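The values are calculated or read from the model by the stated rules, or taken from the named source; none is laboratory data. Here the structure is a predicted model, which means the values were calculated and not measured. Note that each Cβ is placed from the backbone with ideal geometry, even for glycine, and that neighbours are counted across all protein chains shown. Please note that ligands, DNA and RNA were not included when accessible areas were found on the heavy atoms of the full protein model with its side chains. Shrake-Rupley method; radii C 1.70, N 1.55, O 1.52, S 1.80 Å.
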Amino acid sequence: MSKKTNQIQKLTDYGHMRLRTEMYLGGRDPHTQKLFEVNQDASTSLTDVTWVPALYTGFREILDNAADEVIGRKFGNRIDVTYDPEKMIFSVKDNGRGIPIDYDEEHKTYLATMVLSEPRAGSNFGERGDVAGTNGIGASATSNTSQWFKVKINKDGKNFSQEFKEDKKDDAKKLIIGDASIKDTKQENGTFIEYTPSKEVYKHLMMPEQFLYSRIYEFAATNPSVKVYYNGKQIKVKDKVEKTLFPTKETIVIDIDNIEQKFTSKFILVPGFVEDGDFYHSIVNRIPAFNGGTHMDAFRLTFVRNLLNALTKESKKRKLSPNRSDVTEGLMVFNVTNMQAPNFDSQSKTRLTNEEAGSIVTSFLNDADFYDKIIKKNRAWIDEIYARCEARTHKKDASELAKLQKKMTRSKVASLMDATGKDRSKCILTLAEGNSAIGGLSAVRNPQIHGGMPLRGKVLNVNGVKPKEVLDNKIIQDIMNAIGLVIGQKAKISDLRYGQVWIATDEDHDGSNICALLINFFHTYWPELFNMDKPFISRLQTPFIIAEKGKQRKYWYSSNYHEFKPEDWKGWNITRAKGLGTLIKEDWDEAIKNPALIPIVEDNEMNESLDMLFNGSRADDRKTWMGV
């Protein structure tokens with residue numbers, strides 16, 4: 001037998017839960033994250049908080065059991081929580097039916113003992129309903145990772161009490177279970193659990209009281225039918241969560257109620273709550289999903305897009321084009337979801353994974369009827385959106401930009417093959433990928449009409465880039481000079497040096513990316529160019545498949561190449577021209593005289609699409625859109 005075989009170990013459930021606690025309760029190292037917090041005076045804010053996730057999950061599993069009994073199964077009406085941060089002692093008490101205390105002959109133990117100490121023992125394996133517990137791990141993971149764990153149960157005139165202690169030996173194999181005590185009692189039914197986490201398991205006993213109080217407070221706020229006490233003091237709440245958490249704020253409430261799938265989700269929008277950017281916070285079946293989930297992804301992707309579409313007429317009237325950041329800046333979205341059989345990404349339950357949750361939210365938000373009501377009832381917020389848009393469009397550093405651009409316009413564009421016609425509205429500038437393309441164009445162009453300029457180097461993604469940095473980009477400078485565009489000034493065809501711009505790139509992914517980056521640049525600073533009666537910007541399709549026989553040449557483009565059938569062109573020389581450099585004079589002559597153009601015009605989706613593609617902070621949205 002090899003030495004390696006002797007290293008194989010078989011751990012007990014107790015030993016494994018203490019050694020690999022992360023699998024059951026989450027990370028044991030301190031974790032820092034910006035969270036929605038409730039202060040002692042009931043005011044709310046966003047705060048960077050550091051805590052140990054596994055410690056909180058261990059507590060929450062006990063609270064979940066009480067909540068499942070009182071709220072999920074509707075037995076009892078009160079939950080008491082205490083926490084001593086100095087001694088790290090937690091307790092949860094409910095006045096539900098009490099955990100069953102019968103003796104189980106098959107397993108030779110009391111049911112309460114089994115449920116609280118052994119993994120894979122519980123009551124939620126069947127029809128789960130809207131309970132939080134799902135795997136039969138939670139309570140046992142907490143008891144098995146505690147220094148001591150006490151339970152007192154009053155049920156049907158009997159009082160059951162028992163204490164569990166940790167085995168501190170290096171080869172600890174099982175939880176030390178004290179003898180159960182059963183006595184007669186006249187006290188009302190209920191369950192009381194008290195424990196302190198093990199210092200042997202947790203190197204970092206970090207659980208700020210403010211963090212735990214915030215979780216209990218929002219628990220009370222989202223379950224107003226239950227009396228919730230924290231350290232002996234009742235948390236006073238109102239009938240609606242928005243009135244409790246945001247009493248001084250103007251809120252926008254969106255209620256989704258899918259009776260058929262027993263799914264409810266309340267989205268509370270609080271404009272002006274966040275100092276910088278936006279923030280999303282969700283509670284699913286009473287569990288804080290700190291990392292959101294499918295329902296929150298669906299909301300972020302769908303709501304803003306549809307709101308901007310609903311504002312299309314007003315945007316045209318105001319001559320402004322608000323984008324996603326204009327809408328979401330300062331926005332807090334607080335969500336409360338209740339559903340059947342929620343699934344999470346891990347035992348720590350920080351992210352909801354049920355796909356149907358996202359589908360229900362998307363379906364509801366795609367019904368455009370209620371957007372007009374939101375716009376009418378929240379005019380102050382809508383005006384703020386347009387104010388941000390205007391501030392973004394007309395930058396505060398306009399004077400500095402004007403100086404830079406004035407200096408820039410004095411320089412000639414060395415790479416520009418300019419058109420010579422006096423009627424500039426008839427002139428067409430082709431922005432082409434590479435010098436060879438401009439060489440091909442020059443051989444066949446009408447100098448009076450056709451101008452050309454090669455794109456050298458990488459086209460800048462201007463999303464989120466300061467105008468000064470944009471102007472420092474050589475390609476951008478040359479394009480603006482060639483056309484006569486000025487950042488901060490609306491584009492008028494009569495003032496421009498060209499009446500049309502054609503974009504010609506290779507027929508591959510890089511070429512498509514270059515084209516999209518150029519469109520993003522033009523649309524960011526001159527969205528009016530995409531609302532012209534005659535398209536100003538178009539993509540010039542050059543021949544993609546060329547069939548040649550003698551002096552005859554036949555062409556197919558990227559838009560119709562699927563119509564090309566090789567068997568129909570036997571005896572012809574076939575060329576697949578993915579790159580502009582493969583085109584010869586005859587091909588360019590065809591491309592210029594009979595241009596296959598794809599007009600790039602506003603379709604009410606362009607703003608959202610470009611922002612999703614090029615906004616660096618929207619990686620999750622892009623993944624969702626691409627189905628990754």
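Among the residues of the range 24-54, write down those that are touching a His at 6+ places or on another chain (Cβ under 8 Å) and closer than 20 Å to Y217 by Cα.
L35, F36, T50, W51, V52, P53
Which condition breaks for T350 when tested against (1) open to solvent by less than 60 Å² (accessible area, probe 1.4 Å); (2) farther than 16 Å from V253 by Cβ; (3) in a helix (DSSP H, G or I); (4) at pLDDT 85 or above?
T350 satisfies all of (1) open to solvent by less than 60 Å² (accessible area, probe 1.4 Å); (2) farther than 16 Å from V253 by Cβ; (3) in a helix (DSSP H, G or I); (4) at pLDDT 85 or above except (3).
Within the set of pairs 6 or more residues apart or between chains, which connect a residue that is within 12 Å of W51 (Cα to Cα) and assigned to a loop (DSSP other than H, G, I, E, B) inside the range 194-223 to a residue that is open to solvent by 50 Å² or more (accessible area, probe 1.4 Å) and of a type in the set (D, E) with Cβ atoms less than 9 Å apart?
H204/D29
Determine if the range 70-89 includes at least one residue that is small (G, A, S), touching a Ser or Thr at 6+ places or on another chain (Cβ under 8 Å) and either part of a helix (DSSP H, G or I) or at pLDDT 95 or above (or both).
Looking for residues that are small (G, A, S), touching a Ser or Thr at 6+ places or on another chain (Cβ under 8 Å) and either part of a helix (DSSP H, G or I) or at pLDDT 95 or above (or both), one finds none in the range 70-89, hence no.
Does T185 count as within 28 Å of S143 (Cα to Cα), open to solvent by 20 Å² or more (accessible area, probe 1.4 Å), without any contact (Cβ under 8 Å) to a residue 60 or more places away in the chain and among the β-branched types (V, I, T)?
Judged against the criteria, T185 is a match.
How many residues, within the range 580-606, are within 44 Å of the chain's Cα centre (by Cα), in contact (Cβ under 8 Å) with a residue 24 or more places away in the chain and assigned to a helix (DSSP H, G or I)?
Going through the range 580-606 one residue at a time, the tally reaches 4.
Taking only pairs six or more apart or across chains, which ones have beta-carbon atoms under 8 Å, a first residue in the range 148-160 that is farther than 21 Å from K174 by Cα, and a second residue that is of a type in the set (S, T, Y) and open to solvent by 50 Å² or more (accessible area, probe 1.4 Å)?
Note: pairs meeting the criteria are F160/Y110.
For residues in the range 266-316 being part of a helix (DSSP H, G or I) and either of a type in the set (D, E, K, R) or open to solvent by 30 Å² or more (accessible area, probe 1.4 Å) (or both), which is farthest from R388 (Cα to Cα)?
Taking the candidates together, the pick is D297.
Considering every residue within the range 124-138, establish whether at least one is open to solvent by less than 40 Å² (accessible area, probe 1.4 Å), assigned to a helix (DSSP H, G or I) and at pLDDT below 85.
Scanning the range 124-138 turns up at least one residue that is open to solvent by less than 40 Å² (accessible area, probe 1.4 Å), assigned to a helix (DSSP H, G or I) and at pLDDT below 85.
Is the range 58-69 home to any residue that is outside any helix (DSSP H, G or I) and either touching a residue at least 12 places away in the same chain (Cβ under 8 Å) or of a type outside the set (D, E) (or both)?
Scanning the range 58-69 turns up no residue that is outside any helix (DSSP H, G or I) and either touching a residue at least 12 places away in the same chain (Cβ under 8 Å) or of a type outside the set (D, E) (or both).
Which residue, of M626, M606, M612, is among the aliphatic types (A, V, I, L, M) and open to solvent by 70 Å² or more (accessible area, probe 1.4 Å)?
M626
Six or more apart or on different chains, Cβ atoms under 8 Å: show the pairs whose first residue is in the range 566-579 and in a strand (DSSP E or B) and whose second is open to solvent by 70 Å² or more (accessible area, probe 1.4 Å).
Listed pairs, sorted by first residue: N573/K549; I574/P566; T575/T582.
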